[in-house]
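Okay, structure first, notes after.
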Amino acid sequence: MLGHTPIILLDEPSNGMDAVARKLLWSVIQKYSTESKVSTVIVTSNSIEEAFCQKIGIMVKGEFRCIGNSSYIKKKYYYVHEI
């Protein structure tokens with residue numbers, strides 16, 4: 001995130017981290033991505049819980065199947081059982 005590049009790509013940046021380190025990393029990424037007027041931050045993740053972005057895309061076999069905000073994606077794909 002040095003040098004004010006126009007696009008920052010982060011591929012699974014919290015993979016293998018413990019919960020405390022993951023939370024710290026995501027707070028830094030979130031702060032930078034919302035405050036940066038120069039850079040667009042693109043993050044890949046397998047966890048919907050890490051989705052804090054303005055737009056989220058779900059890709060299957062190299063094709064985007066769904067693009068929207070987090071509430072739209074969660075409504076469409078996140079099934080919760082009622083007990």
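Worth a mention:
- Count of residues meeting criterion [surrounded by fewer than 11 Cβ atoms within 10 Å (Cβ to Cβ) and part of a helix (DSSP H, G or I)] in region 13-30: 2
- Each residue in region 40-50 was checked for being modelled with pLDDT under 80 and surrounded by 15 or more Cβ atoms within 10 Å (Cβ to Cβ), and 2 of them qualify.
The values are calculated or read from the model by the stated rules, or taken from the named source; none is laboratory data. Here the structure is a predicted model, which means the values were calculated and not measured. Glycine gets a Cβ as well: all are built from the backbone with ideal geometry, and neighbour counts include every protein chain shown.
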